[in-house]
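Note sheet for the following structure.
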Amino acid sequence: MQTFKDALENALRLVLSLDANVVEYAQRTLLIALVSTLIASLIGIPVGMFIAERRFPGKRAVVTLLNTLLAVPTVAVGLLVYTLLSRNGPLGSWELLFTVPGIIIGEVLLIVPIVTAFTVTAVARTDRDVRKTALTLGANSRQALWIVFRESRFGVLAAVIAAFGRVVSEVGVAMIVGGNADEFTRTLTTATVQNVDMGNFALALALGLVLLAISLSVNVLFQYFQGGGHQ
Amino acid sequence: MYRLALFTTALLFGASAAAQEVLTLATTTSTDNSGLLAAIHPDFERSTGIRVKVIAKGTGASLQLGRDGNADVVLVHARAKEDEFIEAGFGTMRRDVMANDFVVVGPSADPAGARFATSASGALERIVAADHLFLSRGDGSGTHLKEQQIWRHAAVPTKTDTRSFVAGGRPTQFTSTRPAKGRYISIGQGMGKTIIMATERQAYTLVDRGTYYAFLLADPPRTDLAVVCEGDRMLANPYGVIAVNPKTHPNVNFAAAKKYIEWITSARVQGMIGRFRIDGKTLFHPAHESSH
């Protein structure tokens, strides 16, 4: 059997030589993460700002629900999307099961609550006086909203980065909805699982290292923006 | 940013997917994990221009993908389940593709003395008698079905768990038979994972010869388990290919499935299957042996 040291050495070699498989899975993973984060942000940021800025009945319940959805298991979302996209399912005619767009749908469902909930927190954290001051200085309500958004932009960006990190690192949706089909839907995480299953630890470890590098970069960005960009 | 948006749009509307015809093949982990499909599929793509999307699950899960119309063609190994699948109207055009056989593997020192058994069921009896660990796929795969068949022939008390669920609006049952005593772990994983785990735990398990050789002869070897029982007629393992019936699922790519079946049973590809070797060892025997 391979020792850990051998596996690590082979893994580093695969990463440094830009192994074609590793690069392909990394590209696909990043594409999925970018597109789903973009879509989730377009939905989650406006909704989050609305929830934070408006008073409406049941607001507390909505926030509680959002916070609960933050912890929803990825396999549950994967299974839900699988049954929706299965040819027997309600969206079967879209023929998106085992495709990258199918995975993106699942990831968007997974991270919209993250973007929304973090945006609510970021906007609510912004000083209430900001809005009042803006209105007093003659801004209309739309302009005041824009100023509040600008003041909370670092928190909102942190929300987006957290969502991106979640997509890169999760395996439940990618495996169940994507099916780990080579050249079609194989991502860094599903390829890692498969290579562990096949006892191919060098490649699994190489993929793990790439994942780690991406997560680390994402976290450095996250820390930076959470600190309001001043650190 | 503009290019990204454009690319996103193309992606979401499936424009990129329409660029090339795709055939979805649901197959067992044994054909995929052994490296056979990766070796022969480039030829299919070259000769037909159709790309094969391989979804590797157990036989049970692969047939379910066919039942739901989520695959165009299935390549599996559990004859009784295949016949059920066809009789229920989900499959058509079944052909034999190839065969290999199952072997019982275990620690090379063979602490249970399974080597001395004269049959597969005898080998499992000895493993239970020695109270040695046995790992089961436990995933409804062809290998798991074969394992249960052997347990039912063995002279050890067995117990059968039945779980009822609804599939396609009809009540269905999933049964699994296992020895009533002895150390037995059902892991619900693919063939590769099962060998890896059996190697780590130095347990006995049932494995198809193709996957076993692929792991044994890898460089570096991924298992040090040895064959303790082989050659019993009960251990034969024939693979069949079945197109998903377009009458049941009009959306499946039946034309491509037909081409795939004709291709994989052609003399040329049958020859390729027979010549597929790891370290000089043949893993699969083609069903349609040419006369020369």
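Per residue, the average separation of C-alpha pairs within less than 8 Å and at least 6 apart gives the stretch B:167-292 a relative contact order of 16 percent. Taking the Cα centre of chain A as reference, the dipole from Cβ charges on Lys and Arg (+1) and Asp and Glu (-1) amounts to some 1220 debye. Computed with a 1.4 angstrom probe on protein heavy atoms, the A-B interface buries about 2600 square angstrom of accessible area in total. Less than 5 angstrom separates the built amide H of B:ALA78 from those of B:GLY240, all sequence-distant by 5 or more or on a different chain.
When DSSP beta bridges are restricted to pairs lying wholly in chain B, around 70% turn out antiparallel. Of the residues making up the stretch B:212-252, those losing 50 Å² or more of accessible area when the isolated chain is joined by the remaining protein chains, with a 1.4 Å probe, are B:ARG222, B:ASN251.
Panel note: contact residues of the stretch A:61-110 (accessible area lowered by at least 30 Å² against the chain on its own; 1.4 Å probe) correspond to A:TYR82, A:ARG87, A:ASN88, A:PHE98, A:PRO101. For B:MET234 and A:GLN27, a Förster radius of 41 Å and the Cβ-Cβ distance give a FRET efficiency of 0.30, rounded to the nearest 0.05. Taking DSSP loops as anything outside H, G, I, E and B, show the longest stretch in chain B free of GluC sites (Glu not before Pro) there with at most 16 other beta carbons within 10 Å. The longest such stretch corresponds to B:22-229.
With respect to chain A, whose longest principal axis is taken over its alpha-carbon atoms, helix A:74-85 is tilted by about 90°. When only Cα pairs below 8 angstrom with a gap of at least 6 residues are kept, the stretch B:230-292 shows a relative contact order of 20 percent. Computed from the C-beta positions of B:GLU21 and B:LYS159 and an R0 of 41 Å, the FRET efficiency is 0.30 to the nearest 0.05. The angle between the Cα long axis of helix B:191-201 and the main principal axis of chain B comes to about 30°, on a 0 to 90 degree scale. When the convex hull of its Cα atoms is viewed from all sides, the stretch A:4-226 shows a mean projected area of 14.7 nm². Do you know which residues of the stretch B:34-55 lose at least 50 square angstrom of accessible area in the protein assembly compared with their chain on its own, with a 1.4 angstrom probe? In the stretch B:34-55, residues shielded by partner chains: B:ARG51, B:LYS53, B:ILE55. The label-point distance for A:ASN219 and B:ALA129, in a model that sets each label 7 Å from Cα toward Cβ, rounds to 5.5 nm. The region of chain A that goes longest without hitting one of the trypsin sites (Lys or Arg not before Pro) in a DSSP loop, each with at most 13 other Cβ atoms within 10 Å, is A:56-231. Accessible surface calculations at 1.4 Å, restricted to protein heavy atoms, place the protein assembly as shown at 47 Å² per residue. Carbon and sulfur together cover what percent of the accessible area of the stretch A:4-226 at a 1.4 Å probe radius? The value for the stretch A:4-226 is 66 percent carbon and sulfur by accessible area. Note on B:ARG275/A:ALA61: beta-carbon distance plugged into 1/(1 + (r/R0)^6) with R0 of 56 Å gives a FRET efficiency of 0.30. With respect to chain B, whose longest principal axis is taken over its alpha-carbon atoms, helix B:142-153 is tilted by about 30°. Length available on full extension from B:ARG201 to B:ALA39: 0.36 nm per residue minus the Cα-Cα distance, which gives 55.2 nm.
With Cα atoms defining each centre, the stretch B:238-275 and the stretch A:121-190 are spaced 47 Å apart in the structure.
What you get for chain B, charging only the Cβ of Lys and Arg (+1) and of Asp and Glu (-1), is a dipole of about 380 debye around the Cα centre. Normalised by the number of residues in the stretch B:101-237, the mean separation of alpha-carbon contacts (under 8 Å, six or more apart) gives a relative contact order of 41 percent.
Split chain B at each of the trypsin sites (Lys or Arg not before Pro) in a DSSP loop with at most 16 other beta carbon atoms within 10 Å, and the longest piece is B:1-180.
Working note: Karplus 6.51/-1.76/1.60 with θ = phi - 60° gives the stretch B:133-141 the couplings 5, 10, 9, 10, 3, x, 10, x, 7 Hz, where Gly and Pro are set to x. Surface composition of the stretch B:118-204: carbon plus sulfur atoms contribute 46% of the solvent-accessible area (1.4 Å probe, protein chains only, all chains present).
Rounded, prolate or oblate: pick one for chain B, where a ≥ b ≥ c are the square roots of the eigenvalues of its C-alpha gyration tensor, a/c under 1.5 means rounded, and failing that, prolate if a/b is larger than b/c, else oblate. Judged from the Cα gyration tensor, chain B comes out prolate (a/c at least 1.5, a/b above b/c).
The values are calculated or read from the model by the stated rules, or taken from the named source; none is laboratory data. Just so it is clear, the structure is predicted and the values come from calculations on it, not from any experiment. All Cβ positions, even for glycine, are placed from backbone atoms using ideal geometry, and neighbour counts span all protein chains on display. Side chains included, ligands, DNA and RNA excluded: accessible areas come from the protein's heavy atoms. Shrake-Rupley method; radii C 1.70, N 1.55, O 1.52, S 1.80 Å.
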